[in-house]
Amino acid sequence: MLNPFNRSPGLRDGIPILPGAFPLIGHIPTVYRKLPETIRRARAEYGDLVWVTTGFGWLLYCTGPGAIDLFRNRSFDSSHLETVYPTVGGGTMLARDGAAHRHMRGALNQPFLPRGLTASGVGATVATVLGEVAARWVGKGSAQVLPEAQEATLDIIFRLLGISASELAAWRKQYRTLLLANLGITVRFPGSPAVRAEKAKAWIDARMTAMVADARRDPAAAGFLGALVAAQDDDGKALSDDAIVANLRLIVLGGHDTISAMMAWMTVTLAHQPALWDALVTEAGDAKQIPTTPEQVKAFPFAEALFRETVRMHPPFSSLTRVAAEDTELQGHKIARGTMVAIDIWGTSHDAATFPDPDTFLPSRWLGRSGAPSAIEIAQFGAGPHFCLGYHLAWLEAVAFAVALAREGKRLGKRPRLRSKEFPASTFLPTEHPPGSTRVDFV
Ligand code: HEM
């Protein structure tokens with residue numbers, strides 16, 4: 001997927017330019033379909049820094065073991081997300097740094113920590129929705145895994161926010177439209193992705209504003225949403241309504257597209273490797289219930305290892321961007337203020353120095369450990385101040401899903417089997433996912 005007429009690497013500020021760019025669209029086709037091979041080759045041939053172009057601008061791709069240090073490097077920030085992805089990132093903690101980020105993050109952290117998840121009873125909603133999904137998939141004998149997982153994870157987050165069952169379809173529709181903003185196509189005309197995404201954002205924001213007002217009147221009755229509106233930062237300051245609405249919008253987005261891709265890959269992998277399914281059923285097939293608290297999740301180490309290995313093999317975000325907030329230096333090169341860098345999550349997750357035999361799916365690498373995984377091992381969730389807010393919720397959902405599937409499989413005497421002969425190829429934009437048409441049968 002490289003342009004064969006553009007073979008010369010060239011240099012920009014002394015740093016190699018990845019050859020193979022197409023006119024206007026640059027390396028986008030390469031990144032969309034052939035990201036892993038391209039990164040590996042680029043790293044082997046040019047080192048840990050290489051320029052790629054999206055056709056609109058330059059991106060300095062940073063790979064190798066030092067790449068994730070950029071998450072903590074104060075010369076780089078996330079302010080560009082406010083302008084590059086205003087529909088998604090605008091007004092959110094993701095696009096803030098320093099004190100403004102600490103204020104939002106400090107307030108919203110508590111409900112997402114293991115203790116907060118237990119206190120709000122989030123796990124019961126997770127178990128109900130995922131139990132229904134497993135019963136439907138295994139009972140019906142077939143699932144179109146990605147869209148059905150997207151629907152389920154959206155339902156979880158909407159139900160947590162107190163949205164009633166009758167409104168779920170309308171919310172789902174608006175969120176799928178909002179995701180069009182992630183395509184980064186900014187051209188505006190009636191019906192264009194940008195215009196439709198903005199309309200969806202207005203729809204979502206108006207309803208969320210009303211929900212926040214309701215929850216403010218009676219936080220105790222508003223469950224998880226009540227915990228969010230009542231939250232205060234470390235200095236005891238509450239968030240404004242606008243800040244809550246913007247971050248709720250982000251939480252819904254962050255809380256479903258990533259985790260649904262992970263659930264789809266996990267199911268596909270279980271279908272592709274019968275020994276993994278057998279091991280999961282041995283651990284969880286007779287479980288009395290789907291785990292609903294972080295404490296209960298710990299009883300399923302193999303399901304947890306499946307989650308970690310699935311996210312490692314298929315990190316939803318293959319890279320994350322930051323911008324140089326000042327003139328600075330990287331690996332001996334001068335970097336001008338405003339330079340956009342991409343931190344290589346895929347390569348970090350497939351580095352043989354951290355993960356021996358990195359292209360093999362090996363849950364065993366996560367088993368029998370006494371300590372927590374290192375920062376580099378869980379780089380799929382970012383690092384530093386913006387480390388994923390929903391990490392523990394994702395962990396709870398993933399293990400609950402695996403357990404629900406194993407219980408249902410055991411009960412009905414069925415196992416997953418891939419409909420296609422080949423393991424599905426990844427698509428990398430906007431997040432890494434299997435093709436939407438991928439089917440798993442339960443036979
Ligand atoms: C497999 C599941 C998930 C993965 C791989 C994932 C990955 C990530 C990554 C890489 C970041 C860092 C972004 C950056 O530094 O630019 C992030 C941040 C974030 N994630 Fe997740 N995420 C997952 C699930 C969730 C869930 C379930 C939620 C919420 C319910 C969530 C909410 C957020 C939020 C709000 C942020 C922004 C944090 C901040 O800026 O301080 N994520 N996530």
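Taken together, the values in this text are just the output of simple stated rules run on the coordinates, not laboratory data. Small disclaimer: the values here were computed from a predicted structure and weren't measured. Cβ placement follows ideal geometry from the backbone for every residue including glycine, while neighbour counts extend to all protein chains displayed.
Can you put 272, 314 in order, fewest other beta carbons within 10 Å first?
272, 314
Taking a ≥ b ≥ c as the square roots of the eigenvalues of the Cα gyration tensor, the stretch 1-153 is classed as oblate, since a/c reaches at least 1.5 and a/b does not exceed b/c.
Which net charge results for the neighbourhood of residue 212, defined as the other residues with beta-carbon distances under 13 angstrom from its beta-carbon, given Lys and Arg at +1 and Asp and Glu at -1? In short, -1. Here the gap between residue 237 and residue 391, fully extended at 0.36 nm per residue and compared with their Cα-Cα distance, gives a gain of 53.0 nm.
Could you tell me which of the pairs 173/298; 288/414; 34/201; 201/237 are separated by over 30 angstrom between their Cα atoms in the structure shown? The answer is 173/298; 34/201. Adding -39500 (n - 2.57) for every DSSP H run of four residues or longer, then dividing by how many residues the chain holds, sets the calculated 222 nm ellipticity at -15000 deg cm²/dmol. Here each label is just a point 7 Å from Cα along the line to Cβ, and for residue 44 and residue 144 those points are 3.8 nm apart.
Volume per residue for the chain equals 150 cubic angstrom (convex hull of Cα atoms).
For the chain, the relative contact order comes to 24 percent (Cα pairs under 8 Å, sequence separation of at least 6). Each eigenvalue of the Cα gyration tensor of the stretch 245-379, multiplied by 5 and square-rooted, gives one semi-axis; in descending order these are 34, 19, 14 Å. Among rounded, prolate and oblate, which fits the stretch 199-248 when a ≥ b ≥ c are the square roots of the eigenvalues of its C-alpha gyration tensor, a/c under 1.5 means rounded, and a/b larger than b/c means prolate? Oblate. Would you mind estimating how fast the stretch 350-443 diffuses translationally, via Stokes-Einstein at 10 °C and 1.306 mPa s with the Kirkwood radius over Cα pairs, in µm²/s? The calculation lands on 96 µm²/s.
Here the dipole of the stretch 252-377 is about 160 debye; that uses its Cα centre as origin and unit charges on the Cβ of Lys and Arg (positive) and Asp and Glu (negative). Note on the chain: dipole from Cβ charges, positive end direction compared against 179, 108, 78; the farthest Cα belongs to 179.
Both radii are taken from the alpha-carbon atoms of the stretch 304-387; with Rh as the Kirkwood radius, Rg/Rh is 1.06. Antiparallel versus total DSSP beta bridges in the stretch 8-133: what percent is that, nearest 5? Bridges in the stretch 8-133 are about 90 percent antiparallel. Considering only the other residues whose Cβ falls under 15 Å of the Cβ of residue 440, what net charge follows from Lys and Arg at +1 and Asp and Glu at -1? In short, +4. For residue 17, nonlocal amide neighbours, meaning residues 5 or more places apart or on other chains whose placed amide H falls under 5 Å from its own, are 10, 11, 12, 51. Phi-derived couplings, Karplus 6.51 cos²θ - 1.76 cosθ + 1.60 at θ = phi - 60°, listed residue by residue for the stretch 138-151: 6, x, 6, x, 6, 8, 8, 4, 5, x, 6, 6, 4, 4 Hz, with x used for Gly and Pro. Residues with amide H under 5 Å of residue 26's amide H, sequence separation 5 or more or different chain, H placed in the peptide plane at 1.01 Å from N; which? Here the answer is 55, since their amide H atoms fall under 5 Å of that of residue 26. The reciprocal of the average 1/r between distinct C-alpha atoms defines the Kirkwood hydrodynamic radius, which for the stretch 148-275 equals 16.2 Å.
Work through the residues other than residue 377 whose Cβ is under 12 Å from its Cβ and net out their charges, Lys, Arg +1 and Asp, Glu -1.
+2
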